[in-house]
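Enquirer: Take a look at this one; I'll ask things after.
The values are calculated or read from the model by the stated rules, or taken from the named source; none is laboratory data. Quick caveat: nothing in here was measured; it's all calculated off a predicted structure. All Cβ positions, glycine included, derive from the backbone under ideal geometry; neighbour counts span all protein chains shown. SASA here: full protein model, heavy atoms, side chains in, ligands and nucleic acids out. Shrake-Rupley method; radii C 1.70, N 1.55, O 1.52, S 1.80 Å.
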Amino acid sequence: MKNIVCLISGRGSNLEAILRAEREQQWAAQLGARVSAVISNRSQAGGLAIAASHGVETHVLAHSAFASREAFDADLAALIDRHDPALVVLAGFMRVLTPAFVARYQGRLINIHPSLLPAFTGLHTHERATEMGVRVHGTTVHFVTGELDAGPIIAQAALAVRPGESADALAARVLTLEHELLPRCIRWILEGSVGLEGQKVISTRIDPALLLRVAA
Ligand code: GAR
């Protein structure tokens, strides 16, 4: 069985999309994969209840209880490694990770970010996108490197920003794309269609239409 470990900090809608895809699309069963654990750095994260309702093991590792980033990441890695995961998914995990942590999971650590990277790293991406008047916005799934919201891009999904669209409305539409994109990327990696070679994403058998899906 290939294990997936998801790290979250909040609401957990991307986690829910993964768990739903796992169940409905049957790809996880075909690939012999499952989300074996969800770890949150916040005890209040809504995603913990979502995980529990799907019968997935949950853990809270409160970063506030650690004296340093290194100490937190070391315990986090020890917890993750109990599951020997084929893939670690940052599904709304809002912590900068240390270089040692990132190196340990090289090629099997991915993140989803609510912008078309490299534009709008960090927080408040939709507010900044509407303020800047960008015409195209979206979401990116990428392998994680030591830099925040950076690393080799696996796939992106984009939409056209509507005239006068509010940041909240835009956020909701991008979130729908996130929920489509992340489970697909997970499947591609687990089935071996996508991988990391050095700092480059190597891909085969991907429907090119899915790499940049432009929604009206
Ligand atoms: C998502 O929009 C995700 O892309 C973003 O946090 C949100 C989590 O929502 N991640 C980042 O900003 C990472 N830099 P969710 O908890 O409902 O999945």
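Enquirer: Which residue, of Leu117, Leu159, Leu123, is within 19 Å of Arg11 (Cα to Cα) and within 16 Å of the ligand (Cβ to nearest atom)?
Expert: Leu123
Enquirer: Condition first: touching a His at 6+ places or on another chain (Cβ under 7 Å) and away from the ligand (no atom under 11 Å from the Cβ). Can you find one or more residues in region 21-34 that meet it?
Expert: The answer is no, given that none of the residues of region 21-34 is touching a His at 6+ places or on another chain (Cβ under 7 Å) and away from the ligand (no atom under 11 Å from the Cβ).
Enquirer: Which residue, of Thr58, Thr98, is more than 14 Å from the chain's Cα centre (by Cα), open to solvent by less than 60 Å² (accessible area, probe 1.4 Å), β-branched (Val, Ile, Thr) and away from the ligand (no atom under 15 Å from the Cβ)?
Expert: Thr98
Enquirer: I'm trying to understand the selection: among the residues of region 176-201, which are in contact (Cβ under 8 Å) with a residue 24 or more places away in the chain and assigned to a strand (DSSP E or B)?
Expert: Listed by number, the residues that qualify are Val194, Gly195, Leu196, Lys200, Val201.
Enquirer: If a residue has to be assigned to a loop (DSSP other than H, G, I, E, B) and buried (at least 17 other Cβ atoms within 10 Å of the Cβ) to count, how many in region 10-26 make the cut?
Expert: 2
Enquirer: Then there is this: Would you tally the residues in region 109-137 being open to solvent by less than 10 Å² (accessible area, probe 1.4 Å) and touching a residue at least 60 places away in the same chain (Cβ under 8 Å)?
Expert: Final tally of qualifying residues: 1.
Enquirer: Here's another thing I want to ask about it. Considering only region 153-176, how many residues are within 29 Å of Pro99 (Cα to Cα) and open to solvent by 20 Å² or more (accessible area, probe 1.4 Å)?
Expert: So the count comes out to 3.
Enquirer: On to the next question. For region 27-48, which residues satisfy the criterion of being open to solvent by 70 Å² or more (accessible area, probe 1.4 Å) and either assigned to a helix (DSSP H, G or I) or out of contact with any Ser or Thr (no Cβ under 9 Å at 6 or more places or on another chain) (or both)?
Expert: Once the filter is applied, which keeps residues that are open to solvent by 70 Å² or more (accessible area, probe 1.4 Å) and either assigned to a helix (DSSP H, G or I) or out of contact with any Ser or Thr (no Cβ under 9 Å at 6 or more places or on another chain) (or both), region 27-48 yields Ala29, Gln30, Arg34, Ser43, Gln44.
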